[in-house]
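> Before anything else, here's the structure in question.
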Amino acid sequence: MTKLLFGILLSFSFVVYGCNDSISELLIGKWQEKEYSHHKYSKECDYKGYIEFKKGGTAIFYDACENKTDFSRWSLDDNILIIRSNLPLIDDFTVKIISINKNEMVFEESDVNFGVGHTTKYKKMN
């Protein structure tokens, strides 16, 4: 039973974190929103923006709805992604990376506006 449980956990870790790639290595690149669990609050333009994570901890958020770009800082604590905005009125926020591979990322965040956790799925653009 212990061997079976260990095998299942090991297999799951490959799915969540990718084979030999660390989360931070997989995170580097440009990501476009593909699916949002609270889709009734999404607009068409939400799916045209992107988040770009760069080596060294810089993040670029492009909001296609408002045609605005925000430069932020990012860091990881295990599978928790911490975003620190450079804008004075925007609070830092954290998301839990549920799964990530070379093509797709899913994260979960709690949103005070919705009162529940929601998931967002991204596809890698480059």
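The values are calculated or read from the model by the stated rules, or taken from the named source; none is laboratory data. This one's a predicted model, so the numbers in the text were calculated from it and none came from an experiment. Reconstructed Cβ throughout: ideal geometry from the backbone, glycine too, with neighbour counts over all protein chains shown.
> Only one of 110, 75 is modelled with pLDDT under 85, assigned to a strand (DSSP E or B) and either exposed (fewer than 12 other Cβ atoms within 10 Å of the Cβ) or in contact with a Gly (Cβ under 8 Å, 6 or more places away or on another chain) (or both). Can you tell me which?
Of 110, 75, the one residue that is modelled with pLDDT under 85, assigned to a strand (DSSP E or B) and either exposed (fewer than 12 other Cβ atoms within 10 Å of the Cβ) or in contact with a Gly (Cβ under 8 Å, 6 or more places away or on another chain) (or both) is 110.
> If residue 63 meets every condition in (1) surrounded by 14 or more Cβ atoms within 10 Å (Cβ to Cβ); (2) at pLDDT 90 or above; (3) more than 12 Å from the chain's Cα centre (by Cα) apart from one, which number is that one?
With respect to (1) surrounded by 14 or more Cβ atoms within 10 Å (Cβ to Cβ); (2) at pLDDT 90 or above; (3) more than 12 Å from the chain's Cα centre (by Cα), residue 63 is out only on (2).
> Could we say that residue 94 is among the hydroxyl-bearing types (Ser, Thr, Tyr), at pLDDT below 90 and touching an Asp or Glu at 6+ places or on another chain (Cβ under 6 Å) here?
Against the criterion (among the hydroxyl-bearing types (Ser, Thr, Tyr), at pLDDT below 90 and touching an Asp or Glu at 6+ places or on another chain (Cβ under 6 Å)), residue 94 does not qualify.
> When you check residue 87 against the structure, is it of a type in the set (A, V, I, L, M, F, W, C), under 11 Å from the mean Cα position of the chain (by Cα) and either at pLDDT below 90 or more than 17 Å from residue 35 (Cβ to Cβ) (or both), yes or no?
So residue 87 fails the test.
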